[in-house]
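Participant: Supplied in structure tokens, the structure appears directly below.
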Amino acid sequence: MFCRELNRGKCKTYLVACERTRHAAVIDPLRENTARYIAVAAYHGFRLDYAIDTHTHADHRSGTWDLAALTGARIVMERYAPAPHVDVHVTQGDILEVGDLRLKILFTPGHTPDGISVYVEGCLFTGDTLLIGGTGRADFAGGDAGKQYDAITNLMFTLPEDTVVFPAHDYRGNQSSTIGKEKASNPRVAGRSRAEYIKLMNNLGLPLPDKIQESLQSNQSAIEDDSVKFPDLAQLGNVHQLSVTDLRDRIASGRPPLIIDVRELDEYVGELGHLPGSRLIPLKTLPTHAADLEQNKSDEIVIVCRSGVRSATGAAILNGLGFEHVSNLRGGMLEWNDAGLPIER
Ligand SMILES: [Fe+2]
């Protein structure tokens, strides 16, 4: 197997390839290095089958959309990933074939709800779930230190001790580690119970990453230009949340709210379908369509998307424009479908 880190910096992007068939995958590409990845792949005569994000990144813009547009690589993310335009949604146990290689997906949430790790030929690409001598922070929206501990101890640490660990970040100049080393000496996890780990992670008190405001909501929505001025993260925290059962009951009450779905058209008519009676206004066009909703300014409005993340941005945008009763459907169409509630396609 060909395996190389391509950024030579603190953010790690890996190129893995089958040397016989020359098929390849890129893991966690940075948008600013897209040209480099294509050049390196071409230099080695590789064809990019997949561009994989191990999770929704908060510290850099993802390069998956550019790579997909320029090379035809298919974008891979976990099922809970909020972004549109993901070609392959994966979860625990799924296999991606890249030539003769079999990339096995582990569902490793905690740093984010949509975390995956990729196991192939004795190597484990751990995203930000497990770092070398550390773990990714679990204090962003949707983070969960308990789930992270479970993913590390129940999934990663049951792999052979000599499995090579390649994280998505390293701040100390390390290139790789092994499962055996991390199990024995990772200072966050080794010798700690689940409860002790949660306590530790909830009290790290880290500042937000420098680029979170320009990266996170762009990556969550795949909006890469300046068409949308994203609300401040503090505004997102103030958005009123509604559960799928709350919304089901409101609809059944006979005075249903105005339901605005902010996904893309292909998602609206796709696998997850949409809520009967909902109105499609993709997030990118919401600010310009807000004028059409002027007569609804005092009405109850519920914003819906795939996982409840893009819709939180949508709800914050409408709040900022003076809409008075806007809620976000928590968990989005994923939870609505999981609850077996009615949809249209
Ligand atoms: Fe991350």
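No lab work stands behind these numbers, since they all come straight from the coordinates. Here the structure is a predicted model, which means the values were calculated and not measured. Backbone-built Cβ (ideal geometry, glycine too); neighbour counts: all protein chains shown.
Participant: In nm, to one decimal, how far is the Thr288 label point from the Leu258 one, both placed 7 Å along Cα→Cβ?
Facilitator: Computed distance between label sites Thr288 and Leu258 equals 1.9 nm.
Participant: Here is a follow-up. Can you work out ³J(HN,Hα) from phi for every residue in the range 91-105, in order, using Karplus 6.51 cos²θ - 1.76 cosθ + 1.60 and θ = phi - 60°, giving whole Hz and x for Gly and Pro?
Facilitator: 8, 2, x, 5, 10, 10, 8, 10, x, 7, 7, 10, 8, 9, 8
Participant: How large are Rg and Dmax for the range 82-238 when calculated on the C-alpha trace, in angstrom?
Facilitator: 16.6, 49
Participant: Right, here's the next one. In whole Å, how far is the Cα centre of the range 213-255 from that of the range 159-174?
Facilitator: 35
Participant: A further question on this structure: Tell me the relative contact order for the chain as a rounded percent, counting alpha carbon contacts under 8 Å between residues six or more apart.
Facilitator: 13
Participant: In whole Hz, with x marking every Gly and Pro, tabulate ³J(HN,Hα) for the range 228-243 from phi via Karplus 6.51 cos²θ - 1.76 cosθ + 1.60, θ = phi - 60°.
Facilitator: 10, 8, 6, x, 5, 4, 5, 5, 4, x, 8, 5, 6, 10, 10, 7
Participant: I've got another one for you. Be a star and scan the range 125-148 for residues whose amide nitrogen sits under 11 Å from the point 7 Å along the Cα-to-Cβ vector of Cys3.
Facilitator: Inside the label zone: 125-126.
Participant: Going by amide H atoms built from the backbone, whose H comes under 5 Å of the H on Glu19, apart from near neighbours?
Facilitator: The list, which skips near neighbours in sequence, is Phe2.
Participant: Let me ask something additional. Round to the nearest 0.05 the FRET efficiency obtained for Thr21 and Asn337 when R0 = 41 Å and r is the Cβ-Cβ distance.
Facilitator: Once the sixth-power term is evaluated, E becomes 0.65.
Participant: For Thr178, what residues show an amide H to amide H distance below 5 Å, using hydrogens built from the backbone and excluding near sequence neighbours?
Facilitator: The list, which skips near neighbours in sequence, is Val165.
Participant: Taking a ≥ b ≥ c as the square roots of the eigenvalues of the Cα gyration tensor of the range 1-46, is the shape rounded (a/c under 1.5), prolate (a/b larger than b/c) or oblate? Please report the intermediate quantities before stating the final value.
Facilitator: Details: a/c = 2.37, a/b = 1.63, b/c = 1.46.
Because a/c hits 1.5 or more and a/b exceeds b/c, the range 1-46 counts as prolate.
Participant: Further, regarding this structure: Can you give me the C-alpha center-to-center distance between the range 269-321 and the range 71-105, rounded to a whole angstrom?
Facilitator: The distance from the Cα centre of the range 269-321 to that of the range 71-105 comes to 28 Å.
Participant: Work out from phi, with θ = phi - 60° and the Karplus expression 6.51 cos²θ - 1.76 cosθ + 1.60, the ³J(HN,Hα) of each residue of the range 121-126, listed in order in whole Hz, and give x for Gly and Pro.
Facilitator: Values, residue by residue: 6, x, 10, 10, 8, 9 Hz.
Participant: Okay, next question. Which far-off residues, 5 or more places away or on another chain, put their amide H under 5 Å from the one on Leu131, with H placed in the peptide plane?
Facilitator: Correct list: Gly136.
Participant: Among Phe140, Phe46, Phe2, rank each residue by its count of other Cβ atoms within 10 Å, from fewest to most, as a rough exposure measure. Walk me through the numbers on the way to the answer.
Facilitator: On the way: Phe140 17, Phe46 24, Phe2 13.
In increasing order of surrounding Cβ atoms, one gets Phe2, Phe140, Phe46.
Participant: Listed highest first by mean packing, meaning other Cβ atoms within 10 Å per residue, what order do 287-298, 216-227, 239-250 come in?
Facilitator: Going from most to least packed, we get 216-227, 239-250, 287-298.
Participant: Dividing the Cα convex hull volume of the chain by residue count, how many Å³ per residue is that?
Facilitator: Spread over its residues, the Cα hull of the chain gives 135 Å³ apiece.
Participant: Is the C-alpha gyration tensor of the range 62-127 telling us rounded, prolate or oblate? Criteria: a/c under 1.5 is rounded; beyond that, a/b larger than b/c is prolate, otherwise oblate. Numbers along the way, then the final one.
Facilitator: Values: a/c = 1.87, a/b = 1.11, b/c = 1.68.
Cα axes put the range 62-127 in the oblate bin.
Participant: Then there's this: Using alpha carbons only, what's the Rg to Rh ratio of the range 12-125 with Rh from Kirkwood?
Facilitator: For the range 12-125, the value is 0.93.
Participant: Can I ask one more? Name the shape class, rounded, prolate or oblate, that the alpha-carbon gyration tensor gives for the range 167-295, where a ≥ b ≥ c are the square roots of its eigenvalues, rounded holds for a/c under 1.5, and otherwise prolate holds if a/b is larger than b/c and oblate otherwise.
Facilitator: It is prolate, given that a/c is not under 1.5 and a/b is the larger ratio.
Participant: Using packing as a proxy for protection, rank 167-180, 101-114 so that the peptide with the highest average count of other Cβ atoms within 10 Å comes first.
Facilitator: 101-114, 167-180
Participant: What Kirkwood hydrodynamic radius do you get for the range 123-189 when you take the inverse of the mean 1/r over all pairs of distinct Cα atoms, in Å?
Facilitator: Computed over Cα pairs of the range 123-189, the Kirkwood hydrodynamic radius comes out at 11.9 Å.
Participant: Let me ask you something else. Could you pull out the pairs from Lys12/Lys211; Lys104/Lys199; Lys147/Lys229; Lys10/Lys199; Lys181/Lys211; Lys12/Lys199 whose alpha carbons sit more than 23 Å apart here?
Facilitator: Checking Cα-Cα distances, Lys104/Lys199; Lys147/Lys229; Lys10/Lys199; Lys181/Lys211; Lys12/Lys199 exceed 23 Å.
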